[in-house]
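The values are calculated or read from the model by the stated rules, or taken from the named source; none is laboratory data. What you see is a predicted model; the values in this text were computed from it and never measured. Note that each Cβ is placed from the backbone with ideal geometry, even for glycine, and that neighbours are counted across all protein chains shown.
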Amino acid sequence: MKKVSFPHMGHAGIAFKSLLEDLGNEVIMPPVPTKKTLDLGVKYAPEFACLPYKIVLGTYLELIEMGAEVLLAFDSYGPCRFGHYSHLQFLTLKNLGHDVEVICFGYPKREPIEFIRKLKKVSKHKSTIKCLYEFYKAFKKGWEKLKALDYMEKLSHKIRPRELKRGTTTKVYKQAQQWLDEAKTYSQIAEAKEAGIKAFNDISIDPEREVLKVGLTGEIYVLLEPASNLEIEETLGHMGVEVERSMFLTGWTQDNLGSGTQDHASAIEAAKPYLPYKIGGHGRETIGHVVNYAKRKFDGVIQIAPFTCTPEIVARTILNKVSKEHDIPVLTFFFDEQTAKAGITTRLEAFIDLLRRKRLEKNQVAAAI
């Protein structure tokens, strides 16, 4: 039985672990990225590679030290550089003398035969029919875990800005993740989800507290991995801001492997007057989500992305016009290895102050009418 692992990306690893174990693998859970992880990636990555590339490369090097023999990667298509990353990272690992297998999964709908070929490498079943059947069962159970994990995270976004004791929500969220990680059957997953909901509902909150509503959009990895965005969602929650993130892994999976979500279709439609074409990554969707957040009367939007991410840079230039036309403040952060949490926090505090003043002015105008 080979030791298999994958990059860390938020809580997605809990679902990936479940799927891979059900396929007959020994899974090494990737550690939460730290400064050491990033330093390793920076040391061996091209200078202008983006932050996700460096974090993932650093994670691979840490996993090799932990005994991983097979590393999973995920491919892309289109103009985004992400499609080249796994190949470059494999060459880097090879040049460093690491004898490790890297299996890069693309989109099943585009290359179904190639997907099955690679799937067999991480399945104990080599018969195509048996392999696909076991994958279907494993995926279905992992999907239930992933839906529950995303639901827990959405609850944390809603409750954190209203909690009476700072840090309680984060503690409960981590406990809910652990319960779901330990769940091995459908009934246990359901029980873990119910226990998580109850734990969140038991948190003492101030339901009358005035909180701001801010949309969070941008590039997928920086959105989903707290270590890459310096825990921006938690920071905002402690500032009294309810965050609504534009992307979760369940939604991304449905958009790319299934029939798609209404939210994604709506974002593309809303972006058409500003950017009618796909430019790679999530640049077009970022614009559309900002338009939709404005229509839903959000107080503001924060765009986050890796430094040098071309699709998000293009989106940023267009967002100046979107912000003016829809009267919604937009703040952008581009993250790299030089970004410090203190600087991010200072800019967030200034932005939140601006949003509070803007809301106060609107309320005063409305009261005077």
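The single residue among 67, 10 that is among the small types (Gly, Ala, Ser), touching a Leu at 6+ places or on another chain (Cβ under 7 Å) and not in a helix (DSSP H, G or I) turns out to be 10.
Matching residues to (1) over 20 Å from residue 122 (Cα atoms); (2) in contact with a Gly (Cβ under 6 Å, 6 or more places away or on another chain):
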site: 21; (1), (2): no, no
site: 24; (1), (2): no, no
site: 39; (1), (2): yes, no
site: 57; (1), (2): yes, yes
site: 75; (1), (2): no, yes
site: 81; (1), (2): yes, no
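In segment 53-67, the count of residues that are more than 27 Å from residue 230 (Cβ to Cβ) and at pLDDT 95 or above is one or more. Pairing residues of segment 262-277 that are closer than 17 Å to residue 321 by Cα with residues that are part of a loop (DSSP other than H, G, I, E, B) and not acidic (Asp, Glu), at Cβ distances under 8 Å and at least 6 apart in sequence or on separate chains, gives 267/246. Of all the criteria given as (1) buried (at least 19 other Cβ atoms within 10 Å of the Cβ); (2) more than 24 Å from the chain's Cα centre (by Cα); (3) under 30 Å from residue 33 (Cα atoms), the one not satisfied by residue 355 is (3). Scanning segment 98-110 for any residue that is more than 19 Å from the chain's Cα centre (by Cα) and of a type in the set (Lys, Arg) turns up at least one such residue.
Annotation note: Cβ proximity below 7 Å between a residue of segment 294-316 that is farther than 23 Å from residue 336 by Cα and a residue that is aromatic (Phe, Trp, Tyr) (sequence gap 6+ or interchain) occurs for 300/351. Residue 131 meets all of the listed conditions (1) assigned to a helix (DSSP H, G or I); (2) buried (at least 18 other Cβ atoms within 10 Å of the Cβ); (3) in contact (Cβ under 8 Å) with a residue 24 or more places away in the chain but one, namely (3).
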